[in-house]
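J.: Let me begin by handing over the structure; questions about it come next.
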Amino acid sequence: MVITDPAIMPPARKLAQPPRVALVLGGGAFRGIAHVGVLKVFEEEKIPVDLIIGTSAGSLIGALYADNPRVDSLYPMINATKTKDIFDFSLTYSKLGYVSGEKLQEFVSKHASVKNIEDTKIPFVAISADLLKGETVALSSGPLAPSVNASCAIPEIFVPVKMYGKILVDGGVMNNVAADVARAYGAIVVIAVDVMNDFDTVPVINDRKAVSRRITRMNMHLLSHERMKQADIVIIPDLEGMPYMNDKYNQPMYDAGVKAAREMMPEILELLKKKGISQLEQ
């Protein structure tokens, strides 16, 4: 279920017409830099993007790009970003999480030119999850930085975000690749990017926390697989062996996004032609 009720959230952003192309950016912590590589290829090929929907890391990248749709500006900033720039770890901070989210919000506020989601150049939606009701929450208006924080609030790491009378956590818990939300907006073509597709990698199960993490990952994988069925095309960068919570692999992750997008481009261009969608003019 997707929450869009204006009685509990700001009114959903109204689009003048159905999006031609909706780009859905999935969650995956630092693997999100692969999304920047995908966006680079979309710019090169002049693919029109009328709506960006992001979950977790996809919401951070999506929000900044929607605000200023130029990869040449986004990539250097994201590539230089370190864990300490967005994670304010403290073992004594809270019983609900080790990271308050304040640094993440400061990071978004510093690098975005707008304060509210509805003011981004490209319409943008941040996907979060209602911790109490177990529902997907699509944040399409309201304050940008707290909304991105809510989308990125990984359980047990980030303190949940309280907004609109709800307790919100990482959207990946319910909807890591939210192609269904793009369909709800009436998008003609939905292209999804999945940066957490290497589920078959054999994990090391050596304690109770590892068991718990694996179960969570199993559930996320199943839900994501179902949501992605609503995408016309899914781009899957090869990120095997690259950890989620590590800033040492920025360049190879970016390169993997570029490679995956280029490999899928013939199929994308064929679909756009079939749907009567023209590439952007220079």
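J.: Quick one: in the stretch 253-282, of everything that is in a loop (DSSP other than H, G, I, E, B) and not acidic (Asp, Glu), which residue is modelled with the lowest pLDDT?
T.: Going through the qualifying residues, I end up with Gln282.
J.: Restricted to the stretch 93-121, and to residues that are among the aliphatic types (A, V, I, L, M) and open to solvent by 20 Å² or more (accessible area, probe 1.4 Å), which residue is farthest from Ala16 (Cα to Cα)?
T.: Leu96
J.: If you don't mind, there's one more thing I want to ask. Look through the stretch 168-189, keep the residues that are open to solvent by 50 Å² or more (accessible area, probe 1.4 Å) and not small (Gly, Ala, Ser), and return whichever of them is nearest to Ser59 (Cα to Cα).
T.: Val173
J.: With a cut-off of at least 3 residues that are within 21 Å of Leu51 (Cβ to Cβ) and either in contact (Cβ under 8 Å) with a residue 12 or more places away in the chain or in contact with a strand residue (DSSP E or B) (Cβ under 7 Å, 6 or more places away or on another chain) (or both), name the helices (runs of 4 or more DSSP H) lying wholly within the stretch 76-176.
T.: 144-152, 172-175
J.: Please find, within the stretch 226-252, the residue that is farthest from the chain's Cα centre (by Cα) out of those that are more than 16 Å from Ile86 (Cβ to Cβ), of a type in the set (A, V, I, L, M) and assigned to a loop (DSSP other than H, G, I, E, B).
T.: Among those residues, the one meeting the criterion is Met242.
J.: Follow-up question, since we're still on this one. For the stretch 1-42, what are the residues that are at pLDDT below 75 and of a type in the set (Val, Ile, Thr)?
T.: Val2, Ile3, Thr4, Ile8
J.: Taking the stretch 123-135, which residues are farther than 10 Å from Val169 by Cα and open to solvent by less than 10 Å² (accessible area, probe 1.4 Å)?
T.: Selection gives Phe124, Val125, Ala126.
J.: Return the pair list, or none, for Cβ contacts closer than 7 Å from residues in the stretch 256-282 that are under 20 Å from Asp194 (Cα atoms) to residues that are basic (Lys, Arg) and buried (at least 18 other Cβ atoms within 10 Å of the Cβ), at least 6 apart or on different chains.
T.: Short answer, once both residue conditions are applied: Val258/Lys40.
J.: Small (Gly, Ala, Ser), over 20 Å from Leu25 (Cβ atoms), modelled with pLDDT under 95 and out of contact with any Ser or Thr (no Cβ under 9 Å at 6 or more places or on another chain) - does that describe any residue in the stretch 100-113?
T.: No: the stretch 100-113 contains no residue that is small (Gly, Ala, Ser), over 20 Å from Leu25 (Cβ atoms), modelled with pLDDT under 95 and out of contact with any Ser or Thr (no Cβ under 9 Å at 6 or more places or on another chain).
The values are calculated or read from the model by the stated rules, or taken from the named source; none is laboratory data. Quick caveat: nothing in here was measured; it's all calculated off a predicted structure. Methodologically, a virtual Cβ is constructed for each residue, glycine included, from the backbone with ideal geometry; neighbour enumeration extends over all protein chains shown. Remember, those area values only see protein heavy atoms, side chains included, never the ligands or the DNA or RNA. Shrake-Rupley method; radii C 1.70, N 1.55, O 1.52, S 1.80 Å.
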